[in-house]
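Written out below as structure tokens is the structure these notes cover.
The values are calculated or read from the model by the stated rules, or taken from the named source; none is laboratory data. These figures come from a predicted structure and were not determined experimentally. Virtual Cβ from ideal backbone geometry, glycine too; neighbours counted across all protein chains shown.
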Amino acid sequence: MIEELIDALRDGGSADRMEAAKSLASLGPAALPALLAALKDPDPRLRMWAAYTLGMNGDTAAVPALSAALDDPDPGVVKWAAAALRRIRDGAGCCGCRFC
């Protein structure tokens, strides 16, 4: 099921991607490994959606990978990684870094 949702993030239309992101986020920690792998995919669109979905998921375990994605060559990935980090920080009261 998770791989099918990742495939929808990769190849679906906008509505399909949004639904896949919601479904993956609702799976919580079970979706984390697949989303972290997607954040390293060669396709920048998939990386962008992975970052977006990790923000919806809200798991502080994604902070290191999202922080690394701030250096991604694609500006869309950087934008959504930053947004995801803000969302995680706001939801958890902390971003998971050692300074909060």
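Of all residues in region 1-37, those that are loosely packed, with under 15 Cβ neighbours inside 10 Å and either aromatic (F, W, Y) or touching a residue at least 40 places away in the same chain (Cβ under 8 Å) (or both) total 0. The residue list L5, L85 contains one member that is among the hydrophobic types (A, V, I, L, M, F, W, C) and modelled with pLDDT of 95 or more, which is L5. Put simply, of A37, A61 the only residue that is modelled with pLDDT under 95, under 25 Å from E4 (Cα atoms), aliphatic (A, V, I, L, M) and assigned to a helix (DSSP H, G or I) is A61. Note on region 47-67: among residues that are in contact with a Lys or Arg (Cβ under 7 Å, 6 or more places away or on another chain) and buried (at least 22 other Cβ atoms within 10 Å of the Cβ), the one that is nearest to A83 (Cα to Cα) is G55. Checking each residue in region 3-55 for being among the hydrophobic types (A, V, I, L, M, F, W, C) and in contact with a Gly (Cβ under 7 Å, 6 or more places away or on another chain) picks out A20, M48.
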